[in-house]
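The values are calculated or read from the model by the stated rules, or taken from the named source; none is laboratory data. These figures come from a predicted structure and were not determined experimentally. Here the Cβ positions follow ideal geometry from the backbone for every residue, glycine too, while neighbour counts run over all protein chains shown. These accessible areas exclude ligands, DNA and RNA; they are computed on the full protein's heavy atoms, side chains included. Shrake-Rupley method; radii C 1.70, N 1.55, O 1.52, S 1.80 Å.
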Amino acid sequence: VTTQRGTFEAMDVPKSRIKLSFKCFDLVDKDWLSKSDPIVILQEKKKPEDPWTFVGRTEMIKDNQNPSFNDKITLEYTFESKQYLQIIVLDIDDPRNLPTSYVPNAAETDLLGRVECLLSEIVGAR
């Protein structure tokens, strides 16, 4: 903030970088001749009315209904603020074209699951 007297910094809010890891169990098999090829996409927004923004995604794991993803998604956790998350699990048909969001009825992906929560719910869980 700039005033006639000078510049004042916003109050420092404690933040921490965290890494989220993902596992899925008993995913629906959406492929005809093989098992699903899942990927996890993480999206975030600061306020309920904001649009979702891409945070990161895991690797695709081929033919697996119980994947344990190696890739972790790093994001910044801001203490005492709401950070809305959307975790999306998709079956990927074209590994050369990995998505950054879920598009309903897209030919390249099938929705396997989706959940919305607050980051503080994940950080506070034991």
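Structure summary
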item: Of the GluC sites (Glu not before Pro) in the range 74-121, those whose Cβ has at most 13 other Cβ within 10 Å and which sit in DSSP loop; result: Glu80
item: Contour excess over end-to-end distance, with Cα ends at Glu80 and Val123 and 0.36 nm allotted per residue; result: 14.3 nm
item: Extension gain (nm, one decimal) between Glu108 and Val13, 0.36 nm per residue minus Cα-Cα; result: 30.1 nm
item: Surrounding net charge for Lys15, when Lys and Arg each add one and Asp and Glu each subtract one, Cβ distance under 12 Å; result: -2
item: Relative contact order [Cα under 8 Å, 6+ residues apart], the chain, whole percent; result: 27
item: Per residue, in Å², the accessible surface of the chain once ligands and nucleic acids are set aside, probe 1.4 Å; result: 69
item: Among Leu42, Leu20, Leu98: highest mean-square fluctuation, GNM of the chain, C-alpha pairs under 10 Å; result: Leu20
item: Within the chain, helix-based [θ] at 222 nm, where runs of 4 or more DSSP H residues each add -39,500 (n - 2.57), nearest 500; result: -1000 deg cm²/dmol
item: J(HN,Hα) series, the range 49-60, from Karplus relation 6.51 cos²θ - 1.76 cosθ + 1.60, nearest Hz, glycine and proline x; result: 7, 6, x, 5, 10, 5, 9, x, 8, 8, 6, 7
